1. Checking the conditions here, which among LYS96, LYS75 is among the basic types (Lys, Arg) and either modelled with pLDDT under 95 or touching a Gly at 6+ places or on another chain (Cβ under 8 Å) (or both)?
2. Take LEU85 and tell me if it is in a loop (DSSP other than H, G, I, E, B) and not hydroxyl-bearing (Ser, Thr, Tyr).
3. Quick check: is even one residue across region 1-12 open to solvent by 30 Å² or more (accessible area, probe 1.4 Å), at pLDDT below 95 and closer than 19 Å to TRP111 by Cβ?
4. Check off (1) crowded, with 19+ Cβ neighbours inside 10 Å; (2) within 22 Å of ILE31 (Cβ to Cβ) for VAL117 and give me the number that stays unchecked.
5. Only residues in region 60-71 that are of a type in the set (D, E, K, R) count as the first member; pair them with residues that are assigned to a strand (DSSP E or B) and surrounded by 14 or more Cβ atoms within 10 Å (Cβ to Cβ), Cβ under 6 angstrom, at least 6 apart or cross-chain, and list the lot.
6. Hey, among SER70, SER62, which residue is modelled with pLDDT under 95 and within 17 Å of the chain's Cα centre (by Cα)?
7. Give ALA74, ALA97 a once-over and let me know the one that is open to solvent by less than 70 Å² (accessible area, probe 1.4 Å) and either of a type in the set (Phe, Trp, Tyr) or within 24 Å of SER30 (Cβ to Cβ) (or both).
8. Without any contact (Cβ under 8 Å) to a residue 12 or more places away in the chain and closer than 19 Å to GLN3 by Cβ - does that describe any residue in region 85-105?
Amino acid sequence: QVQLVESGGALVQAGESLRLSCAASGSIVSINAMGWYRQAPGKQRELFATITSGENPNYADSVKGRFTISRDNAKNTVYLQMISLKPEDTAVYYCKAQVVATWPRYARDYWGKGTLVTVSS
């Protein structure tokens with residue numbers, strides 16, 4: 001089985017920075033794209049940052065210039081560096097990874113359980 005565990009969520013003030021991590025573990029053969037989603041209270045979960053296995057990032061306009069996604073393939077970990085946080089960034093942050101495991105040996109998506117980021121004004 002494959003597990004994704006996010007960490008780093010916290011209560012911060014507007015303008016501060018925060019770094020999230022998401023580590024994948026288990027019977028992993030390879031990891032393709034990885035991404036960060038967030039779900040604010042009363043809103044749908046939204047995708048805002050992805051990174052390919054070749055470390056090419058892509059961002060939603062809402063976070064471009066403030067958030068940076070990166071990954072360490074040796075550690076099966078994806079990171080999210082967030083700066084200039086705003087109250088509207090308050091949400092539960094989830095990571096998703098497309099993983100090829102030893103079984104089933106085809107790419108499928110796995111999700112973490114999320115980590116809460118709260119930005120106070």
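The values are calculated or read from the model by the stated rules, or taken from the named source; none is laboratory data. Bear in mind the structure is a predicted one, so any value in this text is a computation, not a measurement. Cβ placement follows ideal geometry from the backbone for every residue including glycine, while neighbour counts extend to all protein chains displayed. The protein model used for the area step is the full one, side chains on, heavy atoms only, and it has no ligands, DNA or RNA in it. Shrake-Rupley method; radii C 1.70, N 1.55, O 1.52, S 1.80 Å.
1. LYS96
2. Here the answer is yes, as LEU85 does meet what is asked.
3. The answer is yes, given that some residue of region 1-12 is open to solvent by 30 Å² or more (accessible area, probe 1.4 Å), at pLDDT below 95 and closer than 19 Å to TRP111 by Cβ.
4. It is condition (2) that VAL117 fails.
5. Filtered contacts from region 60-71: ARG71/MET34; ARG71/ILE51; ARG71/VAL78.
6. SER62
7. Within the list ALA74, ALA97, the selection yields ALA97.
8. Within region 85-105, one or more residues are without any contact (Cβ under 8 Å) to a residue 12 or more places away in the chain and closer than 19 Å to GLN3 by Cβ.
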